[in-house]
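> This is the structure I have questions about; it appears just below.
Here, each number is a calculation from the coordinates, and none is a lab measurement. Computed from a predicted model, the values in this text were never measured in an experiment. Neighbour counts are summed over all protein chains in view; Cβ atoms, including those assigned to glycine, are modelled from backbone coordinates with ideal geometry.
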Amino acid sequence: VSSVRGLAQDSLKSRRLEGVLLIGHFGAYLTALFLVLPPGMAVAFLAVHQGLFGVYLGSIFAPNHKGMPTLTGEDRPDFLRRQVLTSRNVRGGRLMDIALGGLNYQIEHHLFPSMPSPHLRRAQTIVRRHCEELGVAYLETSLIGSYRQALRSLHEAGAPLRRLDPAT
């Protein structure tokens, strides 16, 4: 849906090529699906594939922000601090770069949103050093550690509601 909406934006330089590629992708995907599988199984596969893809995308985005500080109206840090203090990076080397599509460098992605993903790894060294010089906390953890932090934050956020529940 976002891709189709994006075709209507004036800022898209090669709108025609983008439209052709998008339609080609949908056409090839659906054609292959319905050629290989019976219609009912093709629809079931499509639903499961899209559902699992959503879970996968959620597992990429969740470790970078969940459990990080949420800034309120009174919190007005500068751009660097706002991006660094509300995001975390996930370490893990090249395999993690591939699995998370470069979004394991979430801090750098927020600081330089138009930077190509392969360059975020190189930017990390510079950003981390700059944060150390300024005394800004730069958080990087493992994938499991990031999920642990996110779940801990969700558990703490739900604590007041559990106290109200007489069954607990």
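> How far is the Cα center of segment 1-79 from the Cα center of segment 91-167, in Å?
Answer, in whole Å: 21.
> Please report Glu18, Glu108 as a ranked list, fewest other C-beta atoms within 10 angstrom at the top and most at the bottom.
Glu18, Glu108
> Using r as the Cβ-Cβ distance of Leu80 and Ser153, and R0 as 22 Å, what FRET efficiency do you calculate, to the nearest 0.05?
FRET efficiency, Leu80 to Ser153: 0.45.
> Quick check: the angle from helix 117-134's long axis to the longest principal axis of the chain, C-alpha only, nearest 10 degrees?
10 degrees
> Please list 109-122, 24-37 highest first by mean number of surrounding beta-carbon atoms within 10 Å per residue.
Highest to lowest by the protection proxy: 109-122, 24-37.
> Also, I was wondering about something else. With springs only between Cα atoms under 10 Å apart, run a GNM on the chain and tell me which of Arg16, Arg82, Arg129 wobbles the most.
Top of the fluctuation ranking is Arg16.
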